[in-house]
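Beneath this line is the structure, given in structure tokens, with notes to follow.
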Amino acid sequence: MKRLFLLSFLLLISCGTPTPAPGQTEIVTVYATPAAEPWLTELFACANKLSIILDVTASAPDIYLHLGEPASLFLPAFQIDEEEILIVTHRESPVQNLSFEEAQALFAGHGDPSVQVWVYSSDDDVQIAFEQLVMNGRSVTSFAKLATSPQQMSDVLNAESNSVGILPRHWKSGNSREVFSAGSLPVLAILRESPVAVTNELLACLKG
């Protein structure tokens, strides 16, 4: 990675403001990209265990869950997990296991014309990671269709026999078939400010 956000987790746990007074309820604002939603579910489970209230908002959240490192990262960020990025097809797709060169050619529009390629918008964290890991500066075919979320992508890949697309491993379901692993990237918890006691507790729970 360009910068390492892997600050010592012991430091993360030990620093912060004092624990709130007994009976005081802490409220933490949170948000996640669609691909990072499985970790948002885990965050809610941690909050329930710690008696912390979470408020989901896209407006300057205290904790923002994201796959991979954003292009411009000036906020504290901590790795809480890893996620593998896959190329996945419908089980009846003619696409078989791909080499790196075949995967790149397919998404550049030089594969079987009967196969429908699916991607995400150019600012999506999964799409950015895929283009870094696989495309190496080559453009994705203009004939690709856009999925708005990993859930929609998963639904398409299970429903349309000529489909091939990109999925984080947590989102692969049904009888879809993986044909290439693009590699793994960190799942980050990006904080609006330096860690305090309540965010330390939540991140320690997620990490654990």
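Throughout, read-outs are computed from the coordinates displayed, never taken from laboratory work. For clarity, every value in this text was computed on a predicted model and none was experimentally measured. Quick reminder, even Gly has a Cβ in these numbers, built from the backbone with ideal geometry, and neighbours come from all protein chains shown.
With charges only on Cβ, +1 for K and R and -1 for D and E, what is the dipole size of the stretch 83-185 about its Cα centre, in debye, rounded to 20?
Details: 6 positive and 13 negative charges, 32 e Å.
Dipole about the Cα centre, nearest 20: 160 debye.
If you model the chain as an ellipsoid using its alpha carbon gyration tensor, with each semi-axis the square root of five times an eigenvalue, the axes come out at 37, 17, 13 Å, biggest first. The magnitude of the dipole of the stretch 20-82, with charges of +1 and -1 set on the Cβ of Lys/Arg and Asp/Glu and taken from the Cα centre, is near 160 debye.
Just for the chain, what percent of DSSP beta bridges are antiparallel, to the closest 5? Write out the running numbers ahead of the final one.
Numbers: 22 of 33 bridges.
Taking every DSSP beta bridge with both residues in the chain, the antiparallel ones total about 65 percent.
Subtracting the Cα-Cα distance of Asn162 and Glu92 from 0.36 nm times their residue separation leaves 24.4 nm of extension gain.
Phi angles across the stretch 167-178 convert, under the Karplus curve 6.51 cos²θ - 1.76 cosθ + 1.60 with θ = phi - 60°, into 3J(HN,Hα) values of 9, x, 4, 4, 9, 6, 8, x, 9, 4, 10, 7 Hz, Gly and Pro given as x. Backbone amide hydrogens, once placed in the peptide plane, bring Tyr120 within less than 5 Å of Ala147, excluding anything fewer than 5 places away on its chain.
Give the aspartates and glutamates whose C-alpha is closer than 16 Å to that of Lys49, dropping any in the same chain fewer than 8 places away, or say none. Straight-line reach from Lys49, under 16 Å: Glu26, Glu201.
Think of each Lys and Arg Cβ as +1 and each Asp and Glu Cβ as -1; about the Cα centre, that makes the dipole of the chain roughly 160 debye.
If packing is taken as the mean number of other Cβ atoms within 10 Å per residue, what is the order of 78-91, 170-183, highest first? Don't skip to the end; give the middle numbers.
Details: 78-91: 20.2, 170-183: 17.1.
For the peptides 78-91, 170-183, the packing ranking is 78-91, 170-183.
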